[in-house]
1. If amide H atoms are built 1.01 Å from N in the plane of the peptide, which residues on other chains or at least 5 residues away come under 5 Å of the amide H of Ala242?
2. Would you mind checking the radius of gyration and Dmax of the stretch 166-302 based on alpha-carbon positions, in Å?
3. Starting from the Kirkwood radius over alpha-carbon pairs of the chain, derive D by Stokes-Einstein at 25 °C in a medium of 0.890 mPa s and give it in µm² s⁻¹.
4. Amide H of Phe47 versus every other amide H placed in the peptide plane: which residues, excluding those fewer than 5 positions away on the same chain, fall under 5 Å?
5. Nearest 10 degrees is fine. How inclined is helix 205-216 to the longest principal axis of the chain, computing both from alpha carbons?
6. Residue by residue through the stretch 180-195, what is 3J(HN,Hα) from phi via Karplus (6.51 cos²θ - 1.76 cosθ + 1.60, θ = phi - 60°)? Round to whole Hz and write x for glycine and proline.
7. In square nanometres, what is the average projected area of the Cα convex hull of the stretch 55-143?
8. Given R₀ = 25 Å, what would the calculated FRET efficiency be for Asp188 paired with Ser70, taking r from the Cβ atoms and rounding to 0.05?
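The values are calculated or read from the model by the stated rules, or taken from the named source; none is laboratory data. Since the model is a prediction, treat every value here as computed from it, not as a measurement. Glycine also receives a Cβ, built like all others from the backbone with ideal geometry; neighbour counts cover every protein chain displayed. Just so you know, the surface numbers come from the protein's heavy atoms only, side chains and all, with ligands and any DNA or RNA stripped out. Shrake-Rupley method; radii C 1.70, N 1.55, O 1.52, S 1.80 Å.
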Amino acid sequence: MTNPDILQLIRSLGDQVPPAGHDTDVIAYREAVAARPRQSSKQAVDFVFDDHVSTGQNVIPVRYYRHGSSIDAQPTLIYFHGGGFVSGTLDTHDSICRRLARDTGWIIVSVDYRLAPEHPYPAAVDDGLAVVAWLSAGGAAARGLDIGAIALGGDSAGGAIAAVVASRACKTVALAHLLLIYPVLDTDFETASYREYGTGYLLTTNAMRWFWDQYLGAAVAAKSAVPARVDVSGLPPTTILAAGLDPLRDEAGRFSEKLKEARIDVYYRCVADGFHGFLTMPDLDISEASFRFLAQSLLGSE
(Lines give C-alpha, C1' and ligand atoms only; values in the text may rest on other atoms or scores of the structure.)
Protein backbone atom coordinates (compact mmCIF):
# COMPACT_ATOMS: atom_id res chain seq x y z
CA MET A 1 0.00 0.00 0.00
CA THR A 2 1.39 3.38 -1.01
CA ASN A 3 2.46 5.69 1.79
CA PRO A 4 -0.32 8.31 2.16
CA ASP A 5 2.28 11.00 2.92
CA ILE A 6 3.91 10.27 -0.45
CA LEU A 7 0.54 10.56 -2.21
CA GLN A 8 -0.11 13.90 -0.52
CA LEU A 9 3.36 15.11 -1.54
CA ILE A 10 2.70 14.09 -5.15
CA ARG A 11 -0.54 16.09 -5.15
CA SER A 12 1.14 19.18 -3.73
CA LEU A 13 4.02 18.97 -6.21
CA GLY A 14 1.55 18.59 -9.06
CA ASP A 15 0.06 21.96 -8.17
CA GLN A 16 3.40 23.73 -8.61
CA VAL A 17 4.00 23.03 -12.31
CA PRO A 18 1.07 22.45 -14.70
CA PRO A 19 1.51 19.19 -16.62
CA ALA A 20 2.93 19.62 -20.10
CA GLY A 21 0.88 18.82 -23.18
CA HIS A 22 0.30 19.65 -26.81
CA ASP A 23 -0.63 23.29 -26.08
CA THR A 24 2.26 23.97 -23.68
CA ASP A 25 4.36 27.08 -24.19
CA VAL A 26 7.91 25.80 -23.77
CA ILE A 27 9.33 29.08 -22.44
CA ALA A 28 6.62 29.36 -19.79
CA TYR A 29 7.13 25.71 -18.90
CA ARG A 30 10.87 26.21 -18.38
CA GLU A 31 10.23 29.20 -16.15
CA ALA A 32 7.74 27.22 -14.05
CA VAL A 33 10.21 24.33 -13.64
CA ALA A 34 13.03 26.70 -12.67
CA ALA A 35 10.80 28.49 -10.14
CA ARG A 36 9.51 25.32 -8.48
CA PRO A 37 10.43 25.22 -4.77
CA ARG A 38 13.02 22.59 -3.89
CA GLN A 39 14.30 21.25 -0.63
CA SER A 40 17.28 23.33 0.39
CA SER A 41 19.53 20.69 1.97
CA LYS A 42 22.62 21.69 0.00
CA GLN A 43 25.47 19.26 0.49
CA ALA A 44 28.80 20.99 1.10
CA VAL A 45 31.30 20.04 -1.59
CA ASP A 46 34.99 20.94 -1.52
CA PHE A 47 35.25 21.98 -5.15
CA VAL A 48 32.55 23.38 -7.47
CA PHE A 49 33.54 25.15 -10.65
CA ASP A 50 31.61 26.36 -13.69
CA ASP A 51 33.36 25.95 -17.03
CA HIS A 52 32.57 25.19 -20.66
CA VAL A 53 33.54 22.85 -23.45
CA SER A 54 33.93 24.45 -26.85
CA THR A 55 33.44 22.41 -30.01
CA GLY A 56 34.30 25.28 -32.33
CA GLN A 57 30.67 25.53 -33.37
CA ASN A 58 29.05 25.35 -29.96
CA VAL A 59 29.84 26.19 -26.34
CA ILE A 60 28.58 23.67 -23.78
CA PRO A 61 28.42 24.87 -20.15
CA VAL A 62 29.57 22.30 -17.59
CA ARG A 63 29.94 22.29 -13.82
CA TYR A 64 32.54 20.25 -11.94
CA TYR A 65 32.00 18.84 -8.46
CA ARG A 66 34.67 17.18 -6.36
CA HIS A 67 34.78 16.25 -2.70
CA GLY A 68 37.82 14.97 -0.83
CA SER A 69 41.50 15.76 -0.62
CA SER A 70 42.99 13.09 -2.89
CA ILE A 71 45.19 14.43 -5.67
CA ASP A 72 45.20 11.13 -7.54
CA ALA A 73 43.12 10.53 -10.65
CA GLN A 74 39.48 10.08 -9.71
CA PRO A 75 36.74 8.26 -11.59
CA THR A 76 34.50 10.78 -13.27
CA LEU A 77 30.74 10.71 -13.83
CA ILE A 78 29.45 12.84 -16.71
CA TYR A 79 25.89 13.71 -15.67
CA PHE A 80 22.90 14.77 -17.81
CA HIS A 81 20.04 16.47 -15.98
CA GLY A 82 16.39 15.63 -16.49
CA GLY A 83 13.67 17.95 -17.73
CA GLY A 84 11.81 16.24 -20.56
CA PHE A 85 14.48 17.26 -23.10
CA VAL A 86 13.03 20.80 -23.00
CA SER A 87 13.92 22.15 -19.55
CA GLY A 88 16.36 21.83 -16.69
CA THR A 89 19.68 23.51 -15.96
CA LEU A 90 22.85 22.96 -13.99
CA ASP A 91 21.07 24.55 -11.03
CA THR A 92 17.90 22.42 -11.08
CA HIS A 93 19.95 19.26 -10.49
CA ASP A 94 22.73 20.76 -8.40
CA SER A 95 21.65 18.88 -5.26
CA ILE A 96 21.86 15.49 -7.00
CA CYS A 97 25.35 16.17 -8.31
CA ARG A 98 26.55 17.42 -4.94
CA ARG A 99 25.24 14.34 -3.20
CA LEU A 100 26.84 11.97 -5.72
CA ALA A 101 30.16 13.79 -5.34
CA ARG A 102 30.08 13.54 -1.54
CA ASP A 103 28.93 9.92 -1.43
CA THR A 104 31.44 8.59 -3.96
CA GLY A 105 34.46 10.90 -3.93
CA TRP A 106 34.18 10.88 -7.72
CA ILE A 107 34.42 13.94 -9.92
CA ILE A 108 30.97 14.82 -11.24
CA VAL A 109 30.73 16.81 -14.48
CA SER A 110 27.22 18.13 -15.03
CA VAL A 111 26.40 19.01 -18.65
CA ASP A 112 24.10 21.87 -19.67
CA TYR A 113 23.25 20.35 -23.05
CA ARG A 114 21.17 22.14 -25.68
CA LEU A 115 17.42 21.86 -25.23
CA ALA A 116 14.57 21.03 -27.58
CA PRO A 117 12.56 22.16 -29.45
CA GLU A 118 15.06 24.85 -30.50
CA HIS A 119 17.74 22.16 -30.65
CA PRO A 120 16.11 18.78 -31.38
CA TYR A 121 17.85 15.41 -31.54
CA PRO A 122 20.76 14.83 -32.02
CA ALA A 123 21.94 18.14 -30.50
CA ALA A 124 21.94 16.94 -26.86
CA VAL A 125 23.65 13.67 -27.82
CA ASP A 126 26.24 15.55 -29.86
CA ASP A 127 26.94 17.76 -26.83
CA GLY A 128 27.38 14.70 -24.66
CA LEU A 129 29.77 13.06 -27.09
CA ALA A 130 31.78 16.29 -27.28
CA VAL A 131 32.17 16.40 -23.49
CA VAL A 132 33.22 12.74 -23.39
CA ALA A 133 35.84 13.34 -26.10
CA TRP A 134 37.13 16.50 -24.41
CA LEU A 135 37.48 14.92 -20.99
CA SER A 136 39.01 11.69 -22.29
CA ALA A 137 41.60 13.80 -24.12
CA GLY A 138 42.63 15.54 -20.88
CA GLY A 139 40.55 18.69 -21.26
CA ALA A 140 40.05 19.21 -17.51
CA ALA A 141 43.74 19.10 -16.60
CA ALA A 142 44.01 22.88 -16.78
CA ARG A 143 41.38 23.03 -14.01
CA GLY A 144 43.52 20.92 -11.71
CA LEU A 145 41.35 17.85 -12.21
CA ASP A 146 42.96 14.52 -12.93
CA ILE A 147 40.25 12.59 -14.75
CA GLY A 148 40.33 8.83 -14.25
CA ALA A 149 37.85 6.27 -15.56
CA ILE A 150 34.79 7.83 -17.18
CA ALA A 151 31.18 6.90 -16.44
CA LEU A 152 27.95 8.37 -17.81
CA GLY A 153 24.68 9.00 -16.03
CA GLY A 154 21.51 11.00 -15.89
CA ASP A 155 17.96 11.13 -14.65
CA SER A 156 14.71 11.07 -16.64
CA ALA A 157 15.37 12.54 -20.10
CA GLY A 158 18.99 12.89 -19.07
CA GLY A 159 19.02 9.13 -18.67
CA ALA A 160 17.94 8.77 -22.29
CA ILE A 161 20.75 11.06 -23.41
CA ALA A 162 23.30 9.23 -21.23
CA ALA A 163 22.24 5.84 -22.60
CA VAL A 164 22.48 6.90 -26.25
CA VAL A 165 25.78 8.71 -25.72
CA ALA A 166 27.13 5.60 -23.98
CA SER A 167 26.02 3.30 -26.81
CA ARG A 168 28.16 5.37 -29.20
CA ALA A 169 31.05 6.42 -26.96
CA CYS A 170 31.73 2.86 -25.79
CA LYS A 171 33.00 2.05 -29.27
CA THR A 172 36.01 4.35 -28.76
CA VAL A 173 36.23 5.07 -25.01
CA ALA A 174 36.41 2.51 -22.19
CA LEU A 175 33.44 3.49 -20.03
CA ALA A 176 33.39 2.42 -16.40
CA HIS A 177 29.66 2.57 -15.71
CA LEU A 178 26.26 3.77 -16.88
CA LEU A 179 23.93 5.23 -14.23
CA LEU A 180 20.25 5.66 -15.12
CA ILE A 181 17.80 7.26 -12.67
CA TYR A 182 14.07 6.80 -13.49
CA PRO A 183 15.16 7.05 -17.12
CA VAL A 184 13.22 7.80 -20.29
CA LEU A 185 14.00 4.78 -22.46
CA ASP A 186 11.16 4.09 -24.88
CA THR A 187 8.25 5.56 -26.82
CA ASP A 188 5.78 2.82 -25.86
CA PHE A 189 2.94 4.56 -24.04
CA GLU A 190 0.85 1.39 -23.59
CA THR A 191 2.76 -0.31 -20.78
CA ALA A 192 1.03 -1.29 -17.56
CA SER A 193 2.84 1.47 -15.65
CA TYR A 194 1.70 4.09 -18.18
CA ARG A 195 -1.89 2.86 -17.84
CA GLU A 196 -1.73 2.91 -14.05
CA TYR A 197 0.34 6.02 -13.39
CA GLY A 198 0.01 8.10 -16.58
CA THR A 199 -2.27 10.62 -14.86
CA GLY A 200 -2.22 11.98 -11.33
CA TYR A 201 1.40 11.07 -10.48
CA LEU A 202 3.31 14.18 -11.68
CA LEU A 203 4.64 12.82 -14.98
CA THR A 204 1.76 12.17 -17.36
CA THR A 205 1.36 10.21 -20.58
CA ASN A 206 0.40 13.39 -22.44
CA ALA A 207 3.51 15.12 -21.16
CA MET A 208 5.76 12.29 -22.31
CA ARG A 209 4.20 12.31 -25.77
CA TRP A 210 4.84 16.06 -25.96
CA PHE A 211 8.41 15.76 -24.65
CA TRP A 212 9.29 13.14 -27.25
CA ASP A 213 7.68 15.23 -30.01
CA GLN A 214 9.77 18.26 -29.04
CA TYR A 215 12.95 16.20 -28.82
CA LEU A 216 12.62 14.20 -32.01
CA GLY A 217 11.36 17.02 -34.22
CA ALA A 218 11.79 16.07 -37.86
CA ALA A 219 13.64 12.92 -36.79
CA VAL A 220 10.41 11.45 -35.41
CA ALA A 221 11.24 7.95 -36.69
CA ALA A 222 14.89 7.99 -35.56
CA LYS A 223 15.52 4.71 -33.76
CA SER A 224 18.96 5.97 -32.79
CA ALA A 225 17.34 8.48 -30.40
CA VAL A 226 15.43 5.86 -28.38
CA PRO A 227 17.58 3.88 -25.93
CA ALA A 228 15.31 0.81 -26.07
CA ARG A 229 16.07 0.51 -29.80
CA VAL A 230 19.83 1.09 -29.89
CA ASP A 231 22.59 -1.50 -29.94
CA VAL A 232 23.54 -2.11 -26.31
CA SER A 233 26.49 -4.40 -26.98
CA GLY A 234 29.62 -2.97 -25.44
CA LEU A 235 27.82 -0.96 -22.75
CA PRO A 236 29.54 -0.96 -19.36
CA PRO A 237 28.01 -2.27 -16.12
CA THR A 238 24.76 -0.37 -15.65
CA THR A 239 22.78 0.80 -12.64
CA ILE A 240 19.06 1.47 -13.11
CA LEU A 241 16.98 3.10 -10.39
CA ALA A 242 13.26 2.96 -11.17
CA ALA A 243 10.29 4.47 -9.31
CA GLY A 244 7.25 2.35 -8.55
CA LEU A 245 4.73 5.20 -9.03
CA ASP A 246 6.23 6.32 -12.32
CA PRO A 247 4.78 5.70 -15.80
CA LEU A 248 8.37 5.00 -16.89
CA ARG A 249 8.76 2.10 -14.46
CA ASP A 250 8.12 -0.71 -16.93
CA GLU A 251 10.48 0.54 -19.62
CA ALA A 252 13.24 0.63 -17.01
CA GLY A 253 12.55 -3.01 -16.20
CA ARG A 254 12.49 -3.97 -19.87
CA PHE A 255 15.78 -2.21 -20.53
CA SER A 256 17.33 -4.01 -17.58
CA GLU A 257 16.33 -7.34 -19.12
CA LYS A 258 17.68 -6.29 -22.53
CA LEU A 259 21.04 -5.52 -20.97
CA LYS A 260 21.12 -8.83 -19.12
CA GLU A 261 20.40 -10.68 -22.37
CA ALA A 262 23.44 -8.88 -23.83
CA ARG A 263 25.50 -10.21 -20.88
CA ILE A 264 25.93 -6.77 -19.31
CA ASP A 265 26.08 -6.55 -15.52
CA VAL A 266 22.98 -4.74 -14.25
CA TYR A 267 22.23 -3.34 -10.81
CA TYR A 268 18.49 -2.71 -10.78
CA ARG A 269 16.27 -1.36 -8.05
CA CYS A 270 12.66 -0.21 -8.12
CA VAL A 271 11.64 2.04 -5.21
CA ALA A 272 8.05 1.07 -4.42
CA ASP A 273 6.96 4.50 -3.12
CA GLY A 274 9.21 6.41 -5.50
CA PHE A 275 7.70 8.90 -7.91
CA HIS A 276 9.24 10.55 -10.94
CA GLY A 277 11.83 13.11 -9.85
CA PHE A 278 11.93 12.15 -6.17
CA LEU A 279 15.73 12.45 -5.86
CA THR A 280 15.44 16.22 -6.28
CA MET A 281 13.92 16.06 -2.77
CA PRO A 282 16.96 14.69 -0.92
CA ASP A 283 15.38 14.86 2.55
CA LEU A 284 12.94 12.04 1.80
CA ASP A 285 13.75 8.67 3.37
CA ILE A 286 13.39 6.98 -0.03
CA SER A 287 15.89 9.47 -1.47
CA GLU A 288 18.41 8.77 1.27
CA ALA A 289 18.26 5.02 0.69
CA SER A 290 18.43 5.49 -3.08
CA PHE A 291 21.51 7.69 -2.93
CA ARG A 292 23.23 4.98 -0.89
CA PHE A 293 22.32 2.42 -3.56
CA LEU A 294 23.65 4.64 -6.35
CA ALA A 295 26.92 5.30 -4.54
CA GLN A 296 27.43 1.62 -3.77
CA SER A 297 26.84 0.74 -7.42
CA LEU A 298 29.35 3.31 -8.67
CA LEU A 299 31.98 2.45 -6.08
CA GLY A 300 31.56 -1.23 -6.86
CA SER A 301 32.59 -0.55 -10.46
CA GLU A 302 36.00 0.88 -9.56
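1. Amide H neighbours of Ala242: Tyr182, Arg269, Cys270, Val271.
2. Computed over the Cα atoms of the stretch 166-302, radius of gyration and Dmax are 15.2, 43 Å.
3. Values: Rh = 19.1 Å.
Diffusion coefficient, whole number: 129 µm²/s.
4. Here the answer is Arg66, since their amide H atoms fall under 5 Å of that of Phe47.
5. 40 degrees
6. 10, 10, 5, x, 7, 10, 8, 10, 8, 9, 10, 6, 4, 5, 5, 5
7. Values: hull surface 24.1 nm².
Seen from a random direction, the Cα hull of the stretch 55-143 projects 6.0 nm² on average.
8. Numbers: r = 44 Å, r/R0 = 1.75.
Using R0 = 25 Å, I get an efficiency of 0.05.
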